[in-house]
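Here the structure comes first, spelled out in structure tokens, and everything after it is commentary.
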Amino acid sequence: MKSRSALFLVVFTLLFNFKSEAQTSGDHVGAWYMYFFNTTFNEGPWGFQGDLQYHSWNKTDDMEQVLFRAGPTYKPKHSNVKFTLGYANITFGQRGIDNSKKVENRIYQEILFPAKISNRFYTTHRFRYEQRFLAEQDFRTRFRYILFLNIPLNKTDLEQGALYLAFYDEIFLNGEKNIGHEQLVEIFDRNRTYAGLGYLIRNGLKIQLGGMRQIANLSKRNQFILSLHHSL
């Protein structure tokens, strides 16, 4: 119990520091609420996965982004690699009383490669290539790479009842600098660093709470993140 209390204190301190830093630097702390799901058809190589996300500028009702993403998956026999071909629809909102919205459609290809290090460290590499369709911009592409790390604390394996630390870092790179209408962007798009605490409610269902620092070319943001991960 002492170890669990200490871990909750660590995560609380991390989130408090995120909020304090935002207040002193003028950043706005937002919140992301996310639901991830995946399934396999008849225990074969084919499956389906996706996510639903609501992002808020103010943690509640000031919508920053609503995202839906999903696609079929294929996992070759005797392999841990999973391939996804998917579609995403994203609606962007403006901060405050501005009710204007923009919509983006994406097609993406993804490779997911999990690997366990020693008997306690669960890592996953994800490579994603996006084709982006935005109003008033030319066709765009983006490359993304993320490294996940989960470390169970009270158990050796990620199984029912496991409390675990969750970390990830993701980098985004634009495929083009000229995006049309005399608009230019940098090759580096953004980086996201996350740390949180998770609990495996039962096999196939886990919940996480954490904080993320997002650094883009023109902004730096802190986010609270609450996520539910569901294997159907």
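Provide the FRET efficiency to the nearest 0.05 for the Phe113-Lys177 pair, computing r from the beta carbons and using R0 = 41 Å.
Calculated transfer efficiency: 0.90.
For the chain, which whole-number percentage of the solvent-accessible area (1.4 Å probe, protein heavy atoms only) is attributable to carbon and sulfur atoms?
Working: 8000 of 13060 Å².
Its accessible area is 61 percent carbon and sulfur atoms.
If we count chymotrypsin sites (Phe, Trp or Tyr not before Pro) as exposed when they sit in a DSSP loop and have at most 12 other beta carbons within 10 Å, what is the longest stretch of the chain that avoids them all? Provide the component values of the computation, followed by the final result.
Numbers: sites that count: Phe41, Phe139.
In the chain, the maximal stretch lacking such sites is 42-138.
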*Please state the charge dipole magnitude for the chain, taken about the Cα centre, from unit charges on C-beta atoms (+1 on K and R, -1 on D and E), reported in debye and rounded to the nearest 20.*
740 debye
*Determine ³J(HN,Hα), in whole Hz, for all residues of region 178-189 in sequence, where each value follows from phi through the Karplus function 6.51 cos²θ - 1.76 cosθ + 1.60 and θ = phi - 60°; x replaces Gly and Pro.*
8, 10, x, 6, 6, 9, 10, 10, 7, 5, 6, 9
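Enter the accessible area per residue of the chain (Å², integer; probe 1.4 Å; all protein chains in place).
That works out to 56 Å² per residue.
Can you pick out the pairs among Lys75/Lys102; Lys82/Lys220; Lys102/Lys206; Lys77/Lys155; Lys102/Lys220 whose Cα atoms lie more than 25 Å from each other? The partial results should precede the final answer.
Working: Lys75/Lys102 35 Å; Lys82/Lys220 32 Å; Lys102/Lys206 32 Å; Lys77/Lys155 29 Å; Lys102/Lys220 21 Å.
Checking Cα-Cα distances, Lys75/Lys102; Lys82/Lys220; Lys102/Lys206; Lys77/Lys155 exceed 25 Å.
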*What's the Cα-based Rg to Rh of region 152-232, Rh via Kirkwood?*
1.17
*Cα centroid distance between region 32-52 and region 107-124, in Å?*
15 Å
*Would you calculate a helix-derived [θ] at 222 nm for the chain, using -39,500 (n - 2.57) for each DSSP H run of n ≥ 4 and dividing by the full residue count, to the nearest 500?*
-3500 deg cm²/dmol
_From the coordinates shown, Rg/Rh (Cα atoms, Kirkwood Rh) corresponds to which of (1) 0.97; (2) 0.93; (3) 1.23_ = (1)
_Could you derive backbone 3J(HN,Hα) for region 219-232 from the dihedral phi with the Karplus parameters 6.51, -1.76 and 1.60 (θ = phi - 60°), listing whole Hz in sequence and x where the residue is Gly or Pro?_
7, 9, 10, 10, 9, 7, 10, 10, 9, 10, 10, 10, 9, 7
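The values are calculated or read from the model by the stated rules, or taken from the named source; none is laboratory data. Since this is a predicted model, take the numbers as computed values, not measurements. Here the Cβ is made from the backbone with ideal geometry for all residues, glycine too, and neighbour counts use every protein chain on show. When the accessible area is computed, the model is the full protein with side chains, heavy atoms only, and any ligands, DNA or RNA have been set aside. Shrake-Rupley method; radii C 1.70, N 1.55, O 1.52, S 1.80 Å.
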